[in-house]
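Taking it in order: structure first as structure tokens, then the write-up.
What follows draws every value from the coordinates through simple rules; no lab data is involved. Computed from a predicted model, the values in this text were never measured in an experiment. Neighbour counts run over all protein chains shown; Cβ positions are idealised from the backbone, glycine included.
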Amino acid sequence: MNDPNDVDRMRALESAFTEFTRTTAAMGEWYRSLQARVDELDRELEDKNRQLAFANDYLNYILESMSDGVIAVDTAGGITRFNRAASEVLGYAAGDVVGKPFHEVFGREFAAPPGGRHPMELRTRNGRTVPVSERDAPIADRNNQRIGTVKVFEDLSELETLRQRVRQKDRLAALGEMAATVAHEIRNPLGGLKGYAALLARDLAPEDPRARLVSKIIDGANQLELVVSDLLEYTRPVQLRLEDTPCAETVDAALRYLGEIPPDIRVLNHVCNAHRVLADGMKLRQTLLNILQNAIQSIDGAGEVTITSEQDASSTVFTIRDTGRGIKPDLLEKVFSPFYTTREKGTGLGLAVAAKIVEAHGGKIWAESREGHGSRFHIRLTRVDGP
């Protein structure tokens, strides 16, 4: 151990060990510092992820809360976003369309004309088209590279309905003025015509051939007076006295006004006695009477007319079903139009008047039919709960 070389080696070993210990302690300190920094970065990343998730959720909430429809596509035209308003207007759930090409779902190209909103149409799930006002905007990433396009659209169906109602009211106003003039000009000579025809009929024996001709004159005059009366009724503003109206009793009253029903036709009232609506009882009776008359006249030979009622949370729906001839699909939308009729002696105003009365109540009337399989007419009115 007295060898100088051994002493030097021991000192070198001690120095190396001391340096190793110091380095190990320093590395431990560095490791703890690095671990603390990693933990801090993890917390920051976690916080950033929460902020990103919140921002993403917030964006989703905004999109889903918008009253306008939003459809986004990628650069290939595949749908990437489809918000709640778009689903409500077009009938598709987001899961039904996301990932599919826009033109495949809606039957048209995605792009609208550039600049501002433009009137366009979108096809719904059931195949009908909806008028919309839409505009497109590009979607770009942080490097300003285009990654898609977003379409924002507004459903114009209600606006178009309001426009049609305004046009209809304008036409009715003009028609009302004309009807008042026509009624005055026709009814005076018509009254004289009926009076003279009645005198002729009184002076002619029943077996006289001329009596049949006079009878035709009287029938024609009565038919003409009916047309004038229906025209005045259609053009006159509907004045309502709304009250709690029992449905079954109103249908019974309408049936009593039907007069003589052909013996081979049965009319059945299956309306629930507990159902009541907020309506003008007399106007509702007139509406039901017009539809019932139309239903009976649609039956050739034996048949049946049935009236039922159903209720949901806010409304009562009358359904009048007949086993008559039915209506061709291309004519079904015309049945509530004035002067449309398939009967030789019809005025074409009965269903038009019924529709006008229902609309004045804030209700809805619609028809379903298959040619040769009868028809169903539905009337929806506000329900009233009984005492």
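Listed by chain and number, the lysines whose alpha-carbon sits under 21 Å from that of Lys283, ignoring those within fewer than 8 places in the same chain, are Lys169, Lys356, Lys364.
As a ratio to 2.2 N^0.38 Å, the alpha-carbon radius of gyration computed for the range 161-235 takes the value 1.57. Taking the alpha carbon gyration tensor of the chain, multiplying each eigenvalue by 5 and rooting it gives semi-axes of 83, 24, 18 Å, largest first. A simple spin-label model places pseudo-atoms 7 Å from Cα toward Cβ; at Asp252 and Asp203 they are separated by 5.0 nm. Considering only the chain, what is the antiparallel percent among its DSSP beta bridges, to the nearest 5? If I count the DSSP bridges inside the chain, around 90 percent turn out antiparallel.
Cβ-to-Cβ counts within 10 Å put Ile357, Ile186 in ascending order as Ile186, Ile357, the fewest first. Put the Cα centre of the range 28-61 next to the Cα centre of the range 82-114 and the gap is 37 Å. Using DSSP H assignments, which helices in the chain have an axial alpha-carbon span of 15 Å or above and a mean Kyte-Doolittle hydropathy of 0.5 or higher? Both cut-offs are met by 350-360. Compactness ratio for the range 66-155: Cα radius of gyration over 2.2 N^0.38 Å (N = residue count) comes to 1.02. Remark: Ser375, Ser87 ranked as Ser87, Ser375, counting other beta-carbon atoms within 10 Å and listing the fewest first.
For a straight C-alpha distance cut-off of 27 angstrom, the lysines reachable from Lys216 (same-chain residues fewer than eight places away being disregarded) are Lys194, Lys345. Report note on the peptides 105-111, 57-63: ranked by the mean count of other C-beta atoms within 10 Å, highest first, their order is 105-111, 57-63.
The lysines within cross-link reach of Lys48, meaning a Cα-to-Cα straight distance under 16 Å and a gap of 8 or more places when in the same chain, come to none at all. Pairwise Cα separations in the range 191-289 fall into 5 Å bins from 0 onward with the following percentages, short to long: 2, 11, 13, 13, 12, 13, 12, 9, 7, 5, 2, 0.
Of the peptides 316-322, 349-355, 126-132, 259-265, the order by per-residue mean of other Cβ atoms within 10 Å, starting with the highest, comes out as 349-355, 316-322, 126-132, 259-265. Each principal axis of the range 1-62 carries a Cα extent, and these read 87, 10, 8 Å when sorted largest first. If only the Cβ of Lys and Arg carry +1 and only the Cβ of Asp and Glu carry -1, the dipole of the chain around its Cα centre is close to 1700 debye. Hey, for a label at Asn222 modelled as a point 7 Å past Cα toward Cβ, could you say which residues of the range 258-279 have their backbone N under 18 Å away? Within reach of a label on Asn222, which here means backbone N under 18 Å from a point 7 Å along Cα→Cβ, the range 258-279 contributes 258-262.
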